[in-house]
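Working notes, structure below.
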Amino acid sequence: MANSSSILQQLGCFRSLLTKPRVTPVNTTGRRMLTTVWSAKPAPIPFPKELPEQFHDQIPKRFRPNLAPKKMKIYPPPPQPKCKDPIDFIAQTQLQKLDPSGKRRELFDYRRHARSVKPGDIIRVTFKNGDPFAGVVLSIKLRGADTSVLMRNQLTRVGVEMSVKVFSPNVESVEIVQRTQKRKRRARLYYLRQPRHDMGSVENLVANYLRQKRALTGAKMGSNQKR
């Protein structure tokens, strides 16, 4: 019995060779095929000429007869400006009106002129309306016609700061009372607001400067001024 079973197992191998493999059909009904074919644009259907006007309201406006497309008005381009940078041109014209000689511009342009006002200097600004103000220059903001300088002084032992527009028509003159001994490493000396770095009042330095100025120019002191 054992021998017969082993023979049948060998014959079973040949059966698999003789039988044809089963092919499972593929279900193509569930697939969707998308094909595109180029087709020319159909010619427009001519509009009926003798269509009553009562039916025109039922037709879109763009398809109604005797309705020509409106012509769009085309404006010419604006003329090109003579200057490439109009903002800079306006700023330069303002500076020419406010400072025709250009001396005040050189006085505060510390980047290009060596003898200009620098942070740390003591200056005195005289106004057309109001009392003059003197103080230490904390910072200078170069913004063309909006150039401003920030000064600090002590009045009655109270720190006072004033920002002055350099090209303001109310500014009559700007004088350098004393220059800083050493060149400051910073462009903004805001650390002078601290008590240990505060220079205090500069009224004595301004008084000495005015005394020397009167001695050189020969001007006499008024009755209301202290000697």
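Quick note: the coordinates plus some simple rules give every number you see, no bench work behind them. Since the structure is predicted, the reported quantities are computational estimates derived from the model, not experimental observations. Cβ: placed from backbone, ideal geometry, glycine included. Neighbour counts: every protein chain shown.
The table that follows gives values for the structure above.
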{"quantity": "Burial ranking of peptide ranges 103-110, 150-157 (average Cβ count within 10 Å, highest at the top)", "calculated": "103-110, 150-157"}
{"quantity": "Estimated FRET transfer efficiency (ASP109, ILE74; beta-carbon r; R0 41 Å; 0.05)", "calculated": "0.25"}
{"quantity": "Descending semi-axes in whole angstrom, ellipsoid equivalent of region 87-217, from the Cα gyration tensor", "calculated": "25, 18, 14"}
{"quantity": "Dipole moment magnitude, nearest 20 debye, region 87-217 about Cα centre, only Lys, Arg, Asp, Glu C-beta charged", "calculated": "580"}
{"quantity": "Total formal charge among the other residues, if their Cβ is under 9 angstrom from that of THR180, Lys/Arg +1 and Asp/Glu -1", "calculated": "+4"}
{"quantity": "Peptides 47-57, 180-190 ordered by average Cβ neighbours within 10 Å, highest first", "calculated": "180-190, 47-57"}
{"quantity": "Residues of type aspartates and glutamates that LYS49 reaches as a straight line, Cα spacing below 17 Å, ignoring anything fewer than 8 places off in the same chain", "calculated": "ASP57"}
{"quantity": "Which listed pairs, of LYS103/LYS128; LYS141/LYS184; LYS103/LYS165; LYS82/LYS165, have C-alpha distances above 24 Å, in listed order", "calculated": "LYS82/LYS165"}
{"quantity": "Inter-probe distance in nm under a simple model that places probes 7 Å from Cα toward Cβ, at GLU175 and VAL160", "calculated": "1.8"}
{"quantity": "Amide H contacts of ILE123 (H built 1.01 Å from N, under 5 Å, at least 5 apart or other chain)", "calculated": "GLY135, VAL137, VAL177"}
{"quantity": "Gyration tensor (alpha-carbon) shape descriptor, region 128-204, a/c threshold 1.5", "calculated": "oblate"}
